[in-house]
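The values are calculated or read from the model by the stated rules, or taken from the named source; none is laboratory data. Keep in mind that this is a model prediction, so the values were computed, not measured. All Cβ positions, even for glycine, are placed from backbone atoms using ideal geometry, and neighbour counts span all protein chains on display. To get the accessible areas, we keep the full protein, side chains included, count just its heavy atoms, and leave off ligands, DNA and RNA. Shrake-Rupley method; radii C 1.70, N 1.55, O 1.52, S 1.80 Å.
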Amino acid sequence: MTRLPFITLALASLLAGAAAQAQDKPSQATIDSYVKATFGKASPEWQARITPDESLAACNLHRNAVPSAEADAIIKRELAKVGFPADGKLLGNWKEGYKVANNGRGGQFSDPPGTVAGGNCFACHQLDPKEVSYGTLGPSLAAYGKDRKYDPDAIKEAYTKIYNSMAVVPCSNMPRFGTNKVLDEQQIKDVLAYLFDPESPVNK
Amino acid sequence: MPNKAAANAAIEETKGLGMKLPILGAAVLAAAMTLAAGHLTAQAPPLDDSEKEIERYRQMLSDPFSNPGFLAVDRGEVLWSEKRGTKSASLEACDLGEGPGKLDGAFAKLPRYFADADRVMDTEQRLLWCMDKLQGLDTKDVLARRFSGPGRASDLEDLTAFIANKSSGMKIEPQLKHAKELEMAAVGEELFYRRGGVMDFSCATCHADEGKRIRLQGLPNLSVPGPAAQATMASWPTYRVSQSALRTMQHRLWDCYRQQRWPVPDYGSDALTALTMFLQKQAAGGEIAVPSIKR
């Protein structure tokens with residue numbers, strides 16, 4: 001007889017716990033309504049930029065720690081979005097590549113129309129070891145080409161990574177520069193030269 | 001301005017240059033970079049030197065004559081009691097959560113749920129509500145001046161500075177009782193991790209790991225509750241030396257979304273309040289010292 005209320009209590013607290021859990025994770029519709037309240041006045045073009053595609057939606061759902069089946073699906077999907085140069089030449093001009101790597105402009109609502117976007121690589125990566133102002137959100141890329149003996153496969157993988165980081169690392173923190181049209185093909189080739197040209201300060 | 005201390009104070013700013021970076025800003029930035037570079041290459045200074053420097057910084061923070069942010073506090077105090085609007089009323093009857101006109105500690109508990117509006121509001125949203133309901137003030141004009149600029153004062157910045165200063169020395173006390181407050185905090189957490197924009201950036205891209213930098217600028221890890229979140233949230237509103245202006249969390253989040261390559265966030269809107277609520281939750285217990293001064 002005394003057990004019954006105890007079990008009822010235990011059940012009740014379990015249910016309360018479940019309710020608290022439900023409160024912890026709002027529905028996608030609720031989250032989207034907040035996004036609309038704050039960004040709903042932006043133009044359709046800007047709206048499209050914050051409407052996650054299939055891969056990004058999965059990254060958001062799992063806070064980037066996607067299950068392995070999802071990871072494979074992302075790599076396959078994003079690899080299909082990588083465009084390689086028609087002539088097969090992946091390396092451009094390292095001096096131009098430096099300018100792209102050092103330019104943090106573009107894509108911000110404060111940018112005047114027609115602003116040429118940069119890759120802003122230094123914000124997150126060490127590149128030229130002589131440059132002291134570099135970020136640490138990404139790994140150091142100093143001596144990147146030299147360390148890889150300027151291997152053509154490494155060049156192709158780096159091109160793929162810059163063009164679409166998620167084609168190499170699912171839910172990578174790095175932007176998908178080519179796929180999202182932040183950088184054009186020539187800019188990516190120039191950045192690649194900055195990483196892989198033996199004359200580039202990155203490899204000195 | 002004591003540039004060195006200001007540079008030291010810039011603990012959680014990203015390196016995004018101000019929209020119209022004045023020469024002073026560039027000089028301060030250069031000082032910050034020199035300092036940080038010094039930290040990278042030179043030997044660490046003796047502990048007592050650092051402590052002296054921190055103490056000097058603390059004194060400057062609490063010295064109304066060194067921190068121009070206190071001018072905003074003074075302007076806000078005047079605005080608070082000034083009769084304005086079609087009702088020729090002051091804001092003195094405005095209820096910021098602790099009761100009409102009760103300012104002490106009110107900021108430490110914002111954002112919070114307000115029954116009369118049936119919604120969760122932050123300081124700026126509540127001020128706009130009171131301006132509209134109590135004063136009959138044209139909030140279009142107030143909103144047009146939401147961020148101050150050269151020759152353009154912002155009532156919202158000044159009033160928020162005044163109100164926040166009334167919680168200085170108190171601890172951040174997030175209000176998580178009402179269902180709508182809980183929803184705000186939960187949605188804020190989701191938004192913190194939501195990626196988007198041409199760069200696929202979320203708040204978490206820069207603020208979910210320990211000891212990271214963007215260029216030379218240190219990034220606080222706001223994904224976990226504790227000292228980094230406390231130090232961040234307890235120091236807003238702040239006087240931004242690079243912008244020669246007092247700024248509130250509304251401006252900080254607006255600028256974060258700019259650097260995230262997201263669209264312009266609507267001022268005083270729900271996603272910003274949700275993020276603020278989440279960040280206050282991470283910062284619970286942090287001792288408020290505002291207005292602070294930062295790069």
Go through (1) touching a Cys at 6+ places or on another chain (Cβ under 8 Å); (2) surrounded by fewer than 19 Cβ atoms within 10 Å (Cβ to Cβ) and name the single condition residue B:127 misses. (2)
Of the residues A:116, A:100, which single one is open to solvent by less than 40 Å² (accessible area, probe 1.4 Å), more than 11 Å from chain B (Cβ to nearest Cβ) and not basic (Lys, Arg)? A:100
crowded, with 21+ Cβ neighbours inside 10 Å, within 30 Å of residue A:112 (Cβ to Cβ) and among the aromatic types (Phe, Trp, Tyr): does that describe residue B:239? yes
Does residue A:182 satisfy being without any contact (Cβ under 8 Å) to a residue 24 or more places away in the chain and part of a loop (DSSP other than H, G, I, E, B)? no
Restricting attention to the stretch B:78-99, which residues are surrounded by fewer than 19 Cβ atoms within 10 Å (Cβ to Cβ) and part of a loop (DSSP other than H, G, I, E, B)? B:82, B:83, B:85, B:86, B:87, B:88, B:90, B:92, B:93, B:98, B:99
Consider residue B:102 against the criteria (1) surrounded by 19 or more Cβ atoms within 10 Å (Cβ to Cβ); (2) part of a loop (DSSP other than H, G, I, E, B): it satisfies all of them except one. Which criterion is unmet? (1)
With the condition kept exactly as written, say whether any residue in the stretch A:54-73 is outside any helix (DSSP H, G or I) and within 21 Å of residue B:259 (Cβ to Cβ). yes
Test: residue A:123 is out of contact with any helix residue (DSSP H, G or I) (no Cβ under 8 Å at 6 or more places or on another chain) and either within 14 Å of chain B (Cβ to nearest Cβ) or among the hydrophobic types (A, V, I, L, M, F, W, C) (or both): yes
How many residues are buried (at least 21 other Cβ atoms within 10 Å of the Cβ) and within 12 Å of chain B (Cβ to nearest Cβ) when one looks only at the stretch A:128-146? 2
Select the strands (runs of 3 or more DSSP E) contained entirely in the stretch B:203-274, then report the ones holding at least 1 residues which are within 14 Å of another protein chain (Cβ to nearest Cβ) and over 14 Å from the mean Cα position of the chain (by Cα). B:212-214, B:217-219
Unmet requirement for residue A:175, which otherwise passes all of (1) buried (at least 22 other Cβ atoms within 10 Å of the Cβ); (2) part of a helix (DSSP H, G or I); (3) not aliphatic (A, V, I, L, M): (2)
Just a yes or no: is a residue in the stretch B:180-190 basic (Lys, Arg) and under 25 Å from residue B:118 (Cβ atoms)? yes
Within the stretch B:80-96, the residues that are in contact with a Pro (Cβ under 9 Å, 6 or more places away or on another chain) and under 16 Å from residue B:121 (Cβ atoms) are B:94
Top-ranked residue in the stretch B:184-202 [being more than 7 Å from chain A (Cβ to nearest Cβ) and not in a loop (DSSP other than H, G, I, E, B); ranked as nearest to residue A:53 (Cα to Cα)]: B:201
Filter pass, residue B:249 being buried (at least 22 other Cβ atoms within 10 Å of the Cβ), out of contact with any strand residue (DSSP E or B) (no Cβ under 7 Å at 6 or more places or on another chain) and either of a type in the set (D, E, K, R) or over 26 Å from residue A:176 (Cβ atoms) (or both): yes
Which condition number does residue A:83 fail, the rest of (1) more than 14 Å from chain B (Cβ to nearest Cβ); (2) open to solvent by less than 40 Å² (accessible area, probe 1.4 Å); (3) in contact with a helix residue (DSSP H, G or I) (Cβ under 6 Å, 6 or more places away or on another chain) being met? (3)
Matching residues in the stretch A:103-113 (under 13 Å from residue A:187 (Cβ atoms) and open to solvent by 30 Å² or more (accessible area, probe 1.4 Å)) number 2
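Residues checked against (1) surrounded by fewer than 20 Cβ atoms within 10 Å (Cβ to Cβ); (2) in contact (Cβ under 8 Å) with a residue 60 or more places away in the chain:
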{"residue": "B:169", "(1), (2)": "yes, yes"}
{"residue": "B:192", "(1), (2)": "no, yes"}
{"residue": "B:197", "(1), (2)": "no, yes"}
{"residue": "B:201", "(1), (2)": "no, yes"}
{"residue": "B:209", "(1), (2)": "yes, no"}
{"residue": "B:212", "(1), (2)": "yes, no"}
{"residue": "B:234", "(1), (2)": "no, yes"}
Has the stretch A:151-167 got any residue that is at pLDDT 95 or above, more than 26 Å from residue B:209 (Cβ to Cβ) and in a loop (DSSP other than H, G, I, E, B)? yes
Of all residues in the stretch A:147-159 being surrounded by fewer than 18 Cβ atoms within 10 Å (Cβ to Cβ) and in contact with a helix residue (DSSP H, G or I) (Cβ under 7 Å, 6 or more places away or on another chain), which is nearest to the other protein chains (Cβ to nearest Cβ)? A:148
May I ask you to verify whether residue B:86 is within 23 Å of the chain's Cα centre (by Cα) and hydroxyl-bearing (Ser, Thr, Tyr)? no
Pair list, Cβ under 9 Å, 6 or more apart: the stretch A:50-66 residue under 14 Å from residue A:32 (Cβ atoms) and at the interface with chain B (Cβ under 8 Å from one of its Cβ atoms), other residue part of a loop (DSSP other than H, G, I, E, B) and aromatic (Phe, Trp, Tyr): A:50/B:262
